[in-house]
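Written out below as structure tokens is the structure these notes cover.
The values are calculated or read from the model by the stated rules, or taken from the named source; none is laboratory data. Quick caveat, the model's predicted, so the values are computed rather than measured. Neighbour counts are summed over all protein chains in view; Cβ atoms, including those assigned to glycine, are modelled from backbone coordinates with ideal geometry.
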Amino acid sequence: MTDTDITLKEAQAIVDKWITTVGVRYFSPLTNMAVLTEEVGEVARVMARRYGDQSFKPGEEDTLADELADVMWVVMAIANQSGIDLSEAFARNLEKKTTRDSNRHKNNEKLTK
């Protein structure tokens with residue numbers, strides 16, 4: 001396993017260790033929600049420039065990977081402070097989507113055009 005091959009559980013532990021040492025402590029859940037909103041906005045800005053009608057400003061870089069990682073970081077922080085194991089939550093969510101949407105997208109005329 002390389003440094004990039006980590007599980008969600010391991011990533012959550014890394015985020016927790018960093019926050020409680022380097023970051024001193026967790027922000028409040030409400031502050032983390034605001035930070036998540038900010039980070040999602042940064043993803044939207046890059047997407048608008050990469051795929052939309054906007055162009056990058058002079059000196060501005062395509063930082064989509066970094067912005068997505070920022071979103072993941074804050075989601076893990078919120079999960080940690082809420083006592084949520086994202087590995088378990090993701091597995092349950094995948095099962096829910098698979099059961100609920102097993103034929104939904106295949107039968108969606110909008111997706112077959």
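What to note about this one:
- Every residue from region 12-26 that is without any contact (Cβ under 8 Å) to a residue 12 or more places away in the chain, not in a helix (DSSP H, G or I) and not charged (D, E, K, R): V22, G23, V24
Condition check ((1) small (G, A, S); (2) outside any helix (DSSP H, G or I); (3) touching a Phe, Trp or Tyr at 6+ places or on another chain (Cβ under 7 Å); (4) within 19 Å of G23 (Cβ to Cβ)) across all residues:
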| position | (1), (2), (3), (4) |
| --- | --- |
| G41 | yes, no, no, no |
| R45 | no, no, no, no |
| F56 | no, yes, no, no |
| E60 | no, yes, no, no |
| D70 | no, no, no, yes |
| A79 | yes, no, no, yes |
| A89 | yes, no, no, no |
| K96 | no, no, no, no |
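- Where a residue in region 90-113 is surrounded by 10 or more Cβ atoms within 10 Å (Cβ to Cβ) and its partner, wherever it lies, is at pLDDT 85 or above and part of a helix (DSSP H, G or I), with Cβ under 8 Å and at least six apart: F90/L8; H105/L111
Here's the yes/no breakdown for (1) loosely packed, with under 12 Cβ neighbours inside 10 Å; (2) touching a strand residue (DSSP E or B) at 6+ places or on another chain (Cβ under 8 Å); (3) under 21 Å from A11 (Cβ atoms):
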residue	(1), (2), (3)
G23	no, no, yes
Y26	no, no, yes
L36	no, no, yes
P58	yes, no, no
A65	yes, no, yes
I78	no, no, yes
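- Scanning region 1-11 for residues that are among the acidic types (D, E) and either in contact (Cβ under 8 Å) with a residue 40 or more places away in the chain or surrounded by 12 or more Cβ atoms within 10 Å (Cβ to Cβ) (or both) yields one hit, E10.
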